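Since the structure comes first, as structure tokens, the remarks are kept for the end.
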Amino acid sequence: MERDVRIEFLSAMAGALSRFGLDADAIERGLTRAAAALGLLAEFYVTPTSIMASFGAPGRQRVVLLRTREATIDLQSLSLVSSVLDGVIAGRLTADEANAELNLITRAPLRFPWFMTVVASGVGAAAFDLLLSGRWVEAPVAALVGLAVGVMIVLGRRFARLDRLTELLAGLLAAILALALGHVVPEIRPANVALASVLLLLPGLAITLGVAEVAARHLTAGTARLAGAMMTLLNLSIGSFLGFKLVAEFDLMPATSPPPEAAAPAMLVAAAALSSLALLIATNSRPGDVWLVVVSVVIALVGARFGAWLLGATFGVALASLAVGLWSNAFARLSRRPAALASLPGLAVLVPGSLGQRGVSAALMGATAGIELLVAALVIAAGLVVGLLVADATLPPSGGRERRGPRGGTRRE
């Protein structure tokens, strides 16, 4: 079969966009426009695990099937890949040039080494715990457990046999360590510590992306992504449940701790600083973009707090996501860079993954509230999507011609 570098580029670009976490609608629109710019008649069908593409006129089509792996957040690579795609659409890059640049981007190592992932897990756990517990004494304990979970995440990435067990083992490890430290520091709540320590594994963004795809009538992609997110929640919750059950069977449960307190303003400031550092590393952002991360996190936290006071915790998140969407779109307009660089860090502190995990854990223990919490997680995800859609309609990221998917990138209309 004759080699066509245009098809090679579009196939590689499809894999890259899926790898860095764009929703199905954004990928299909971007690839269709790029194919038209390259003089190809093409159609694309995108799901979280595979992409099918057909090139040519009906009856004489060339079909390409790509298996894709689970999406990861890599804002630096996403920005570079989006620039290549825009260059092809605008006619600034040929297929050969774009393919060469894309190969360099996808083969480049992550900016931060493996031990920084461990650090991000510990720092993020401390920040998340401050929001959950409202206690200074609990944050260092959560950081210690988060570091242990970070090591588990790194080991899962290094060894294929551990990869599929990462969530289960992380949930188990977090629960056992949190309960053990509950004997050393009686003032903590082990459930909060265990939950905060698995922050990097919570699939809240996947839930949000899945709801957005269902709303865009990409039913196959949306339901598949939601099913994958629910399996992650299930594995985390089963691991946590086994850890708590194991400790209880040996009668080693720590004393009951006082209920959590509302986070004070000083704690919100500390949580914003710590979560910004953790997200800078976890999203593989450029150090020069740290101010973007900080501003996004602050807008998300303040918006969520105000939205909860105004509309309640469940629906107030829509107001917070609207604020994040408007900020990220304004940034995209002024800088001509992807809106995802500003939106993803903010969305990361609004995602419903923690609420979803609580729901699954409660359901495993036979509590009827578990199902209600799972439904609430989907409602919060829908609120996030609604906020972003309203932001795109109010202040499009580029003169009304582009719309950003919930996890970044742009789609032109």
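The values are calculated or read from the model by the stated rules, or taken from the named source; none is laboratory data. Predicted model, so just to flag it, every value in this text is computed and none were measured. Every residue, glycine among them, receives a Cβ derived from its backbone with ideal geometry; neighbour counts consider all protein chains shown. Just so you know, the surface numbers come from the protein's heavy atoms only, side chains and all, with ligands and any DNA or RNA stripped out. Shrake-Rupley method; radii C 1.70, N 1.55, O 1.52, S 1.80 Å.
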L242 - would you say it is crowded, with 22+ Cβ neighbours inside 10 Å, of a type in the set (A, V, I, L, M) and either more than 21 Å from the chain's Cα centre (by Cα) or at pLDDT 85 or above (or both)?
no
Between a first residue in region 232-246 that is at negative phi and in contact (Cβ under 8 Å) with a residue 40 or more places away in the chain and a second residue that is outside any helix (DSSP H, G or I) and open to solvent by 60 Å² or more (accessible area, probe 1.4 Å), which pairs have beta carbons less than 7 Å apart while being 6 or more apart in sequence or on different chains?
F241/M365
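For (1) of a type in the set (A, V, I, L, M, F, W, C); (2) within 24 Å of the chain's Cα centre (by Cα); (3) over 28 Å from L274 (Cβ atoms), each residue gets a yes or a no:
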residue	(1), (2), (3)
E101	no, no, yes
T106	no, yes, yes
S121	no, yes, no
A126	yes, yes, no
L131	yes, yes, no
G134	no, no, no
V141	yes, no, no
Among the candidates L389, L378, which residue alone is open to solvent by 40 Å² or more (accessible area, probe 1.4 Å), closer than 20 Å to S237 by Cβ, modelled with pLDDT under 85 and aliphatic (A, V, I, L, M)?
L378
What residue, among those in region 77-129 that are of a type in the set (D, E) and touching a helix residue (DSSP H, G or I) at 6+ places or on another chain (Cβ under 7 Å), is modelled with the lowest pLDDT?
D129
Kindly provide the set of residues from region 180-199 that are of a type outside the set (S, T, N, Q) and surrounded by 22 or more Cβ atoms within 10 Å (Cβ to Cβ), ordered by number.
G182, I188, R189, P190, V193, A194, L195, A196, V198, L199
Does R217 satisfy being assigned to a helix (DSSP H, G or I) and either of a type in the set (K, R) or out of contact with any Leu (no Cβ under 8 Å at 6 or more places or on another chain) (or both)?
no
Any chance you could count how many residues in region 124-160 are open to solvent by 20 Å² or more (accessible area, probe 1.4 Å) and over 22 Å from L110 (Cα atoms)?
9
Tell me which of these F115 doesn't satisfy, since it passes every other one: (1) more than 14 Å from L195 (Cβ to Cβ); (2) in contact (Cβ under 8 Å) with a residue 40 or more places away in the chain; (3) of a type in the set (F, W, Y).
(2)
Among residues of region 130-145 being closer than 12 Å to N192 by Cβ and either touching a Pro at 6+ places or on another chain (Cβ under 8 Å) or not hydrophobic (A, V, I, L, M, F, W, C) (or both), the residue modelled with the highest pLDDT is E138
Out of all the residues in region 215-236, is one or more at pLDDT below 85, surrounded by 24 or more Cβ atoms within 10 Å (Cβ to Cβ), under 26 Å from V151 (Cβ atoms) and not charged (D, E, K, R)?
yes
Here the qualifying pairs (Cβ atoms under 8 Å; residues six or more apart or on different chains; first in region 321-342 and at positive phi; second open to solvent by less than 40 Å² (accessible area, probe 1.4 Å)) come out as R336/S398
Would you be able to say whether some residue in region 278-288 is out of contact with any helix residue (DSSP H, G or I) (no Cβ under 8 Å at 6 or more places or on another chain), small (G, A, S) and either open to solvent by 40 Å² or more (accessible area, probe 1.4 Å) or outside any helix (DSSP H, G or I) (or both)?
yes
Taking region 1-56, which residues are modelled with pLDDT of 90 or more and at positive phi?
G39
Could you please find all residues in region 315-351 being closer than 19 Å to L378 by Cα and open to solvent by 40 Å² or more (accessible area, probe 1.4 Å)?
F315, L319, L322, V349
Among the residues of region 148-164, write down those that are modelled with pLDDT of 90 or more and more than 20 Å from V119 (Cα to Cα).
none
Just checking, does region 11-27 include any residue being more than 21 Å from the chain's Cα centre (by Cα) and farther than 26 Å from A332 by Cβ?
yes
